[in-house]
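Below is one structure, written out as structure tokens; comments come after it.
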């Protein structure tokens with residue numbers, strides 16, 4: 001009996017409690033709630049297929065439930081639970097349990113007891129699912145919050161940008177007025193500077209005109225003096241006050257024109273034999289013909305020259321010599337692209353000036369180049385290029401040397417010095433004065449076939465003034 005009571009005491013107690021409760025409530029109608037856990041919208045309407053629980057209305061109050069469990073659930077989850085469940089009123093009823101069915105009621109209570117155990121397991125399972133669902137809802141909420149935060153930041157940035165634009169606009173109005181005032185004062189200053197510059201230019205122009213006139217008079221006077229020395233007729237002399245600067249040579253000096261048409265020529269002779277005088281005459285004639293003249297001389301003073309370009313430093317000489325072959329190739333390519341031949345290219349250069357036009361190069365004191373630091377390879381390559389027909393590309397070169405030993409001109413001309421020896425040359429003839437000093441005889445040998453020309457022609461040298469202003 002004790003064992004029976006111990007084993008089934010709970011069932012008996014529940015049966016008796018149910019019986020007395022049933023008796024006390026016979027005929028009472030109970031209001032009920034149908035609760036559906038419906039997280040998806042598809043299962044919300046009707047809730048027939050997702051019925052999870054039917055409870056008495058008086059035993060269920062979600063707000064009291066939430067308030068009463070505030071220590072276990074966060075307040076924010078109340079809204080989630082409300083949105084995740086559907087509570088529907090269902091008709092009130094009274095379980096129709098016959099008075100004479102006490103045994104059946106006990107069995108039902110016992111079955112309910114076992115079902116409660118299963119329901120507890122189901123509840124635990126549901127609790128885990130609910131936690132997963134809450135986690136998913138929370139993550140979605142956090143993600144949405146972050147998106148709204150980004151949108152808010154963008155809106156805040158745009159608002160700040162618009163405010164900054166308005167501020168800058170207001171500032172700009174003041175800055176514009178300030179800028180206008182600055183420009184107004186600046187223009188006044190610039191106009192004064194411009195007027196001053198114009199007056200200075202006018203003064204310098206007037207001074208230049210005077211100097212030019214003086215130089216022209218000096219040149220004309222020098223020409224007249226040289227013509228007298230050479231025995232020119234009075235009728236061939238320029239009239240007093242003539243302004244023409246182009247030099248026209250008498251018949252006995254016209255061999256120089258022929259020499260200038262060559263792409264390359266050599267001037268040789270002892271010091272004082274007249275090489276420098278002949279160089280100055282050639283420069284004058286080439287300038288008259290529209291050539292840009294370059295003097296390469298490491299032993300001269302650039303300031304004593306005028307109207308010509310002077311190279312005296314080894315670095316600038318190296319750059320010039322190194323770039324010269326490439327310059328020739330550039331002009332060849334230019335003629336190809338223009339579709340013209342060499343003769344037409346020379347006509348094309350007539351309209352050009354400076355380094356873009358015709359260029360005459362005078363290599364003075366060439367035996368000293370390497371001593372002054374000129375690169376032997378650049379120097380030798382320049383000479384080799386000069387010995388080609390560079391005249392058709394608008395270039396002409398004159399080399400001045402003190403001796404016929406051309407290997408002294410460049411240490412890199414081994415096997416190539418014969419080409420220089422074969423170049424046309426003027427060998428100036430010197431004599432001695434009463435003091436025993438070497439002076440020009442006024443004569444030279446013209447050797448068109450080079451240093452070994454066996455039929456040289458004796459020519460007269462023009463006594464050009466010692467001026468280096470052209």
Take residue 466 and tell me if it is over 22 Å from residue 294 (Cα atoms) and in contact (Cβ under 8 Å) with a residue 12 or more places away in the chain. no
Please work out which residue is nearest to residue 317 (Cα to Cα), limiting yourself to region 345-370 and to residues that are surrounded by fewer than 16 Cβ atoms within 10 Å (Cβ to Cβ) and in contact (Cβ under 8 Å) with a residue 60 or more places away in the chain. 368
Residues that are closer than 30 Å to residue 303 by Cα and under 49 Å from the mean Cα position of the chain (by Cα): does region 456-469 have at least one? yes
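Can you find, within region 296-311, the residue that is nearest to residue 368 (Cα to Cα) among those that are buried (at least 16 other Cβ atoms within 10 Å of the Cβ) and free of Cβ contacts under 8 Å to residues at least 60 places away in the same chain? Spell out the reasoning first.
First, the residues of region 296-311 that are buried (at least 16 other Cβ atoms within 10 Å of the Cβ): 296-298, 300, 305, 308-311.
From what is left, the residues that are free of Cβ contacts under 8 Å to residues at least 60 places away in the same chain are 309-311.
Values: 309: 19, 310: 16, 311: 14 Å.
The residue in question is 311.
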Can we say residue 438 is surrounded by fewer than 16 Cβ atoms within 10 Å (Cβ to Cβ), on the phi < 0 side of the Ramachandran plot, in the same structural domain as residue 340 (by TED's automatic domain parsing) and in contact (Cβ under 8 Å) with a residue 12 or more places away in the chain? yes
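Does residue 365 satisfy the condition of being farther than 23 Å from residue 258 by Cα and over 37 Å from the mean Cα position of the chain (by Cα)? Working first, answer last.
Values: farther than 23 Å from residue 258 by Cα: yes; over 37 Å from the mean Cα position of the chain (by Cα): yes.
Taking the combined requirement at face value, the residue satisfies it.
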Kindly provide the set of residues from region 266-295 that are surrounded by fewer than 16 Cβ atoms within 10 Å (Cβ to Cβ) and in a helix (DSSP H, G or I), ordered by number. 288
Selection count, region 242-265, where residues are within 19 Å of residue 409 (Cβ to Cβ) and part of a loop (DSSP other than H, G, I, E, B): 2
Which one is modelled with the lowest pLDDT, of the residues in region 443-456 that are assigned to a loop (DSSP other than H, G, I, E, B) and in contact with a strand residue (DSSP E or B) (Cβ under 7 Å, 6 or more places away or on another chain)? 451
Out of curiosity, is residue 459 at pLDDT below 90 and either under 21 Å from residue 263 (Cβ atoms) or part of a strand (DSSP E or B) (or both)? no
Enumerated strands (runs of 3 or more DSSP E) restricted to region 321-433, each holding at least 2 residues that are modelled with pLDDT under 95, within 30 Å of residue 455 (Cα to Cα) and in the same structural domain as residue 257 (by TED's automatic domain parsing): 395-401, 425-432
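The values are calculated or read from the model by the stated rules, or taken from the named source; none is laboratory data. No experiment lies behind these values; they were computed from the predicted model shown. A quick note on method: Cβ atoms are made from the backbone with ideal geometry, for glycine too, and the neighbour counts reach across all protein chains shown.
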